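Below is one structure; the comments refer to it alone.
No lab work stands behind these numbers, since they all come straight from the coordinates. Please read these numbers as outputs of a predicted model, since none were measured by experiment. Virtual Cβ from ideal backbone geometry, glycine too; neighbours counted across all protein chains shown.
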Amino acid sequence: MEAEMKQWKRPYAVGAVVVFEALALLMPAGGAWAQAGPAAQSGAPQRAEARRTVDPGRREFESNCAVCHGKSGQGDGSVVELLKRAPPDLTQLSRKNGGVFPIDRVYQTIEGGTVAAHGSREMPIWGRDYRIQGAEYFMDVPYDPEVYVRTRLLWLVEYLSRLQVR
């Protein structure tokens, strides 16, 4: 009986986590959750309060990208000497695209839809890797793999848009 209950609860618990993380993605850093603190009531700057909110894009970047691209995104990661080609400075994407952040190109590059012009692709194909991770994590739980993958990719794209030099 207890095993049946655990099986029944798991899909709903996982679904709740996915929905919560998707909502966190949609909330701007200065959104309602950040404004609920004392800083909002006193009229003080909300920068410190916003830093305490969940930032899934930053978490994804630091977990998966910073080793090559560096924590600041400037292409100075800890394994850069081991790569055939230095990773690009991700803070300059908008500047190199006429001042407009190239959302689709960045998404396609991370997802794996863009093929390298010459030689092998050293960057992992994160779309494929996220699909594998999702299948391993959710196993028998019904979930939409495309929503899971797109959410994680969009977290990264949104975070990279915030790294741009103005």
(request) Taking the Cβ of each residue in Lys71, Lys96, Lys84 as the centre, tally the other Cβ atoms inside 10 Å and list the residues starting with the fewest. (result) Lys84, Lys96, Lys71
(request) Would you mind ranking Ile132, Ile103 by Cβ crowding within 10 Å, fewest neighbours first? (result) Ile132, Ile103
(request) Please arrange Leu93, Leu83 by counting, for each residue, the other beta carbons lying within 10 Å of its beta carbon, fewest first. (result) Leu83, Leu93
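Considering only the other residues whose Cβ falls under 11 Å of the Cβ of His69, what net charge follows from Lys and Arg at +1 and Asp and Glu at -1?
Net charge around His69: -2.
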